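The values are calculated or read from the model by the stated rules, or taken from the named source; none is laboratory data. Since the structure is predicted, the reported quantities are computational estimates derived from the model, not experimental observations. Cβ sites come from the backbone with ideal geometry, for glycine too, and all protein chains shown count toward neighbours. We work out accessible area using only protein heavy atoms, side chains counted, and drop any ligands, DNA or RNA first. Shrake-Rupley method; radii C 1.70, N 1.55, O 1.52, S 1.80 Å.
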Amino acid sequence: AYPSAVTDGLVRRIAGESKIATYLDVPMQHIDSDVLKKMRRGYGEKRVRELVDDLRDPAKVGDAHVWLRTTMLVGHPGESDAAYQRLYDFVAEGQIDHLGVFPWSREEGTASALLPARVLNKKAEQRAAALMQLQEGIRARKHAALVGTEIAVMVDGASEDSELLLDGRHEGQAPGIDGKVILTDGTARPGDVVRAIVTQAGPHELVASM
């Protein structure tokens, strides 16, 4: 869902309709308005911040937590040290639940391939790594806060780690990219939704007991 498509109505429907997972994947790409303009995204920092504020506003989402995944692109031509710092500070605010970061690479035939003020590949890779390290700490804290709480888990099947365990996901975990919930006891079939108490947490996985 691109930032321009996330309306108040969509936010309220996601938060208030039990049949809809409280999850949004919004490719923000950056927070700095100048960089977003060079990317030709059609929106700037104001729209990105409005979107995040809407997803975290109790008046619009009530008690629901809308899980937010986004991707950021670093090292785009024209991304100054100050622009990158704005992005770093934005991520550090901790409002993003799941984050992917990619260094810019030149692609023939694209508008950005012709732009000046290139960022060195090594520097772009360092910026990406720093953002991912920052987000890993944020996600570890978010997961730690879930220990002792009850969550609904959709069972995927036997765990990759042991046939005595089950792998599953809560509604804030998209398959293959957002980690998983490991169920340590009980029986269930793939597709079943079970209630579980979170007993342990790491930056990528949760451990829970039915």
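Put simply, the Cα atoms of the chain extend 58, 38, 30 Å along their principal axes, the longest span coming first.
Share of segment 121-210's accessible area from carbon and sulfur, percent, 1.4 Å?
On the way: 2600 of 4900 Å².
Of all accessible area on segment 121-210, carbon and sulfur atoms account for 53 percent.
Summing Cβ point charges (Lys, Arg +1; Asp, Glu -1) relative to the Cα centre of the chain gives a dipole of roughly 760 debye. Remark: spin-label model distance Arg118-Thr71 equals 2.3 nm, labels positioned 7 Å along the Cα→Cβ axis.
Peptides 155-166, 21-32, 90-101 ranked from most to least packed give 21-32, 90-101, 155-166, packing being the mean of other C-beta atoms within 10 angstrom over each peptide's residues. In this structure the chain gives 53 Å² per residue of accessible area when probed at 1.4 Å with all protein chains present.
Whole Å is fine, so just give me how far the alpha carbon centre of segment 1-61 lies from that of segment 158-193. Spelled out, the Cα-based centre of one part sits 29 Å from the other. Computed over the chain with a Gaussian network model linking Cα atoms closer than 10 Å, the most mobile of Lys142, Lys60, Lys46 is Lys46. Note on Ala82 and Thr199: the model spin-label points, each 7 Å out from Cα along the C-beta direction, lie 5.3 nm apart.
In plain terms, the chain from Arg189 to Lys19 could stretch by 59.2 nm, reckoned as 0.36 nm per residue minus the Cα-Cα distance.
What FRET efficiency would be calculated for the residue pair Arg56, Ser162, taking the C-beta separation as r and a Förster radius of 41 Å, to the nearest 0.05? If you can, show how the numbers build up before the last one.
Values: r = 37 Å, r/R0 = 0.91.
E between Arg56 and Ser162, to the nearest 0.05, is 0.65.
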